[in-house]
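Read the structure below first, then the notes.
The values are calculated or read from the model by the stated rules, or taken from the named source; none is laboratory data. Note that this is a predicted model, so its numbers are computed, not measured. Note: ideal-geometry Cβ built from the backbone for every residue, glycine included; neighbour counts use all protein chains shown. What goes into the accessible areas is simple: the full protein's heavy atoms, side chains included, and nothing from ligands, DNA or RNA. Shrake-Rupley method; radii C 1.70, N 1.55, O 1.52, S 1.80 Å.
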Amino acid sequence: MSEIERVGVVGCGLMGSGIAEVSARAGLDVVVLEADQPAVDAGRARIETSLAQAVRRGKLSEDDRAATLGRIRVTWEADALGDRQLVVEAVPEIEPLKVETFRRIDKVVSDGEAVLASNTSSIPIMKLAMATQRPEQVIGVHFFNPVPVLPLVELVPSLLTSPAAAERAASFASATLGKHVIRSQDRAGFVVNALLIPYLLSSIRMLESGFATAEDIDTGMVQGCAHPMGPLALSDLIGLDTVMAVAQSMYDEFKEPLYAPPPMLLRMVDAGLLGRKSGRGFHQYG
Ligand code: CAA
């Protein structure tokens with residue numbers, strides 16, 4: 001089986017742009033698919049900003065920044081994915097949207113050995129695999145935000161994923177990208193979100209009930225437990241729409257009250273208060 005050199009990423013938001021960046025920084029040729037020209041421009045700008053930040057922090061030379069950008073093509077033309085050996089889907093955490101995206105990826109990618117991966121945080125991989133004619137090639141490859149900084153990737157084979165596809169995806173994440181890989185069964189939330197989401201939701205319930213202020217809840221976990229950021233600030237970083245969607249998938253799967261998104265989270269998402277990306281969540285930004 002040939003080594004992966006040509007990668008596709010579908011969606012150039014918070015996660016897709018990061019996955020495209022780390023793939024190109026590892027020397028791969030990257031095509032990123034977005035919906036239309038404004039989304040293409042916004043996606044490319046996101047990658048450029050992150051690379052500029054890496055240069056400012058001394059993580060990347062100016063020459064490598066230019067070379068990395070030269071390896072990334074952001075487009076709205078789906079046919080550009082045709083020759084990809086691995087495609088990572090990173091569209092918003094909405095099940096029908098992801099299912100439809102897999103249907104499209106399956107139609108356009110011609111290489112029968114190509115790995116069709118999802119960066120879903122919580123949707124069972126089998127639901128995405130069954131939207132394709134090649135469920136044995138479909139696998140979860142879940143990155144963490146910010147992708148250029150956090151070393152973990154969760155690898156989530158479904159019941160139908162072939163060992164060869166799983167091996168290829170693992171080698172992409174660890175040998176090529178230098179990420180640390182852990183494996184999870186195909187259960188909503190996988191390993192990390194199954195532990196993280198109940199904690200984030202607890203902090204929101206704590207705020208909602210007037211137990212403590214947002215500042216004190218976050219300071220408590222930063223100063224008292226040495227977490228890099230508190231749970232409300234972390235929810236803002238992830239995006240409150242994503243936190244809600246992940247919680248909902250886990251609640252649908254397990255019917256455990258601890259996964260049910262609290263009303264305060266639902267109302268904030270209704271109001272468009274999505275965290276850092278909208279400028280306001282539990283904290284203010286910008
Ligand atoms: N490329 C390379 N390195 C970069 C970079 C880039 N684009 N941007 C930042 N870095 C590096 C910095 O140089 C710095 O490295 P050193 O310590 O070696 O100097 C390091 O990353 C930290 O960066 P900062 O100094 O900017 O920021 P910080 O120290 O305030 O940390 C943070 C910011 C990395 C976000 C940190 O607060 C953190 O790790 N928070 C927790 C994030 C987390 O838990 N994410 C998981 C969310 S869950 C998820 O994603 C999954 C899901 O399904 C919902």
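Data overview
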quantity	calculated
In region 79-104, the residues that are under 20 Å from GLY27 (Cβ atoms) and either among the charged types (D, E, K, R) or not in a loop (DSSP other than H, G, I, E, B) (or both)	ALA80, LEU81, ASP83, ARG84, LEU86, VAL87, VAL88
Subset of region 53-78 that is open to solvent by 60 Å² or more (accessible area, probe 1.4 Å) and not in a helix (DSSP H, G or I) - its residue that is farthest from the ligand (Cβ to nearest atom)	GLU77
Subset tally (residues that are more than 14 Å from the ligand (Cβ to nearest atom) and within 29 Å of ALA24 (Cα to Cα)) for region 186-206	1
Within region 1-52, tally of residues that are in a helix (DSSP H, G or I), farther than 22 Å from ALA170 by Cβ and of a type in the set (Gly, Ala, Ser)	7
Considering residues of region 105-139 that are in contact with a strand residue (DSSP E or B) (Cβ under 6 Å, 6 or more places away or on another chain) and in a helix (DSSP H, G or I) only, the residue farthest from ALA188 (Cα to Cα)	ILE105
Residue pairs meeting the criteria (Cβ under 8 Å; at least 6 apart or on separate chains; first over 17 Å from PRO146 (Cβ atoms) and free of Cβ contacts under 8 Å to residues at least 12 places away in the same chain, in region 53-72; second within 12 Å of the ligand (Cβ to nearest atom) and open to solvent by less than 50 Å² (accessible area, probe 1.4 Å))	SER61/VAL55; GLU62/VAL55
Filtered residue count, region 153-188, keeping only those that are open to solvent by 50 Å² or more (accessible area, probe 1.4 Å), basic (Lys, Arg) and not in a loop (DSSP other than H, G, I, E, B)	1
Residue in region 222-233 that is within 11 Å of the ligand (Cβ to nearest atom), part of a helix (DSSP H, G or I), touching a Gly at 6+ places or on another chain (Cβ under 7 Å) and open to solvent by 40 Å² or more (accessible area, probe 1.4 Å) present	yes
Given (1) in contact (Cβ under 8 Å) with a residue 40 or more places away in the chain; (2) away from the ligand (no atom under 16 Å from the Cβ); (3) among the hydroxyl-bearing types (Ser, Thr, Tyr), index of the condition SER110 fails	(1)
Residues that are polar (S, T, N, Q) and within 16 Å of the chain's Cα centre (by Cα), drawn from region 185-209	ASN193
